[in-house]
Amino acid sequence: MKSKIMTELNETKCCDTNSNTKILQTLGLRVFIDPSKCIDCGLCEEICPFGLPKKEENGKYYITNPRRCTECSACKRNCPTNAILMEEQLGCGCLWDARKRTKEKSQNNSCCC
């Protein structure tokens, strides 16, 4: 099935600003991880409140049950390579800036000894 999805994704790519929306509509999904952009960092799996992203055998991540996604944008906003496609529902989640907060916390917790 994943090869079918990638074929549909490649056939749907275009240059206009609504290309992500068109890709998602074509695939009939709320959320999709583009394996060509995924760097296997696992942040999406860690941050998703529903545990939807999972690692495939090739190390890339995919969404196990895209219909359960609430489009809170936590994964999308924290993905370092913008590999996650979704129509974001603004104001939906509290994790949209988790990467920034984690970075600030680690900088503030540096040892003084």
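Just so you know, all these numbers are worked out from the coordinates, no wet-lab data involved. For clarity, every value in this text was computed on a predicted model and none was experimentally measured. Neighbour counts run over all protein chains shown; Cβ positions are idealised from the backbone, glycine included.
Given points 7 Å out from each Cα along the Cα-Cβ axis, report the Gln25 to Glu88 separation in nanometres with one decimal.
2.1 nm
Taking the Cβ of each residue in Leu29, Leu52 as the centre, tally the other Cβ atoms inside 10 Å and list the residues starting with the fewest. Write down the numbers at each step before the final one.
Numbers: Leu29 16, Leu52 22.
Least crowded to most crowded, the residues run Leu29, Leu52.
Using R₀ = 35 Å, calculate the FRET efficiency as 1/(1 + (r/R₀)^6) where r is the Cβ-Cβ separation of Asn65 and Glu104; round to 0.05. Don't skip to the answer; put the middle values down first.
Working: r = 32 Å, r/R0 = 0.92.
Using R0 = 35 Å, I get an efficiency of 0.60.
Give me Asp40, Asp34 ranked fewest to most by other Cβ atoms within 10 Å of their Cβ, as a rough exposure proxy.
Least to most surrounded, the residues fall as Asp40, Asp34.
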